[in-house]
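The values are calculated or read from the model by the stated rules, or taken from the named source; none is laboratory data. In this text, all values refer to a predicted model and were calculated from it rather than measured experimentally. Note that we place each Cβ from the backbone using ideal geometry, even for glycine, and neighbour counts take in every protein chain shown. The accessibility values were calculated without ligands, DNA or RNA, using every heavy atom of the protein model including side chains. Shrake-Rupley method; radii C 1.70, N 1.55, O 1.52, S 1.80 Å.
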Amino acid sequence: MLQIYSKALYSTWVYYAPERILFDAGEGVSLTMSNKIYAIRYIFLTHGHIDHISGLWTIVNTRNNSMGDREKPLTVYYPKGNTAIEDWINFIKQANNDLRFEFNHIPVSAGEKVFLRQAGNFARYVVPFKVKHTSQDMSLGYSIIETRRRLKEEYRNLPEKEISELSKKLGSNNITEFYEKKILTISGDTFGIDPENARDSEILLHECTFLRSSDRKMNAHASLEEVLDIAKSAEVKKLILYHISSRYSGKIDRYLKNIKEANNFDIHYVDPEVVFTI
């Protein structure tokens, strides 16, 4: 479902296969994903730092010049007002002025819904939210959300047989309700997100540049201690730590040794030296 590479300062990208979404496009993404880059439908960029956007040029160039399928459009969403990303996209378009596929780039703001699927009452969409990174770079995190149906609260503790009888008598639409469920929340680079932005998310993918708070010199990235507090407060089911500094290579298990048992959610991490798949 997820393929992730993230090494702080060097390259970060996250591929969410079910919706063919690439979050960020760091260096080497095309080399690693190879022909899978033709499957990408959407790219959501969190901010304009080069380790998160440099691979976009290779994706566009490869899709334009290879023998792969050029009928599939590619749409890039990015934080509205981020001039670094806009300048980079304009450069890519100038360098590939004979594009043979549809290439769209759309600025988005916090709270907008970018729909991926809609069918009847079902919908799946991406919602951006503001994060705190650097004052010079407009930055966003993203959540993938879908509408689901559940029993109304007054019926949830009833025996299954009684629920079945009520469904026949009242109709399933009258004893159920729609609600929004976060499938995945991705922080991007940030000094810790607001837990409400990840509330009840099935998976929280949060940057964790520093495994020790004392190693952090500026408030532009998150530390392990605060990320654990965010995940606990947000009541997520699974936490994946990424964007870990290479200073901890080979030592991450040592830092996490007693943490996994002390929390009621699954904890995984993206080793800075390898591609992580889950």
Worksheet item: What are the GluC sites (Glu not before Pro) within segment 13-87 that DSSP puts in a loop, where the Cβ has at most 11 other Cβ atoms within 10 Å?
Response: E71
Item to complete: Sequence neighbours fewer than 8 away in the same chain don't count; with that in mind, list the aspartates and glutamates whose C-alpha is under 14 Å from K130.
Response: E112, D189, D194, E196
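Once you've got the Cα coordinates, tell me which of K7/K238; K132/K238; K161/K238; K132/K257 are over 27 Å apart. Let's see the in-between values first.
Values: K7/K238 21 Å; K132/K238 22 Å; K161/K238 33 Å; K132/K257 29 Å.
Violating the 27 Å Cα-Cα cut-off are K161/K238; K132/K257.
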Item to complete: Write down the accessible area per residue of segment 96-199 in Å², having rolled a 1.4 Å probe over the full set of protein chains.
Response: 57
Worksheet item: Round to a whole number: what % of the accessible area of the chain belongs to carbon and sulfur, probe 1.4 Å?
Response: 47
Fill in: Choice from M218, M33, M138 with maximal GNM fluctuation in the chain (Cα, 10 Å cutoff)
M218
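Does the chain come out rounded, prolate or oblate, given a ≥ b ≥ c as the square roots of the eigenvalues of its C-alpha gyration tensor, rounded meaning a/c under 1.5 and, failing that, prolate meaning a/b above b/c?
It comes out oblate by the Cα gyration axes.
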Worksheet item: Taking only C-alpha pairs under 8 Å that are 6+ residues apart, what is the relative contact order of segment 55-172 in percent?
Response: 19
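Identify the trypsin sites (Lys or Arg not before Pro) of segment 190-278 meeting these criteria: DSSP loop state and at most 10 other C-beta atoms within 10 Å of the C-beta. Walk me through the numbers on the way to the answer.
Details: sites: R199, R212, R216, K217, K232, K237, K238, R247, K251, R254, K257, K260; in loops: R199, R212, R216, K217, K237, K251, K257.
Within segment 190-278, the qualifying trypsin sites (Lys or Arg not before Pro) (loop, at most 10 other Cβ atoms within 10 Å) are K217, K251, K257.
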Discussion item. If you average the C-alpha positions of segment 1-52 and of segment 119-156 separately, how far apart do those two centres end up, in angstrom?
Written reply: 20
Fill in: Shape category assigned to segment 81-141 from the gyration tensor of Cα positions, a/c cut at 1.5
oblate
Practice prompt. Along Cα→Cβ, 7 Å out, is where each label goes; now give me the distance between the ones at D194 and E153 in nm to one decimal.
Written response: 2.3
Worksheet item: Residue separation times 0.36 nm, minus the C-alpha to C-alpha distance between S167 and D98: what's the value?
Response: 19.0 nm
Discussion item. Using a 7 Å offset from Cα along Cα-Cβ at R212, what residues in segment 1-36 end up with backbone N under 20 Å from the label point?
Written reply: 8-9
Worksheet item: Using +1 on the beta carbon of Lys and Arg, -1 on that of Asp and Glu, and nothing else charged, what's the dipole of the chain about the Cα centre, debye to 20?
Response: 440
Worksheet entry | For segment 122-278: relative contact order, % (alpha-carbon pairs under 8 angstrom, 6 or more apart) | 19
Discussion item. Just to be sure I understand: of the beta bridges DSSP finds with both ends in the chain, what percent are antiparallel, rounded to 5?
Written reply: 60
Worksheet, complete the sentence: Under 5 Å from the placed amide H of H105, counting only residues 5+ away or on other chains, we find V76
Practice prompt. For the chain, set up a Gaussian network in which alpha carbons nearer than 10 Å are linked by springs, and say which option among L184, L166, L56 fluctuates the most.
Written response: L166
Practice prompt. Compare the Cα positions of I144, L158, N97 along the charge dipole of segment 26-179 (+1 at Cβ of Lys, Arg; -1 at Cβ of Asp, Glu; about the Cα centre) and return the one farthest towards the positive end.
Written response: L158
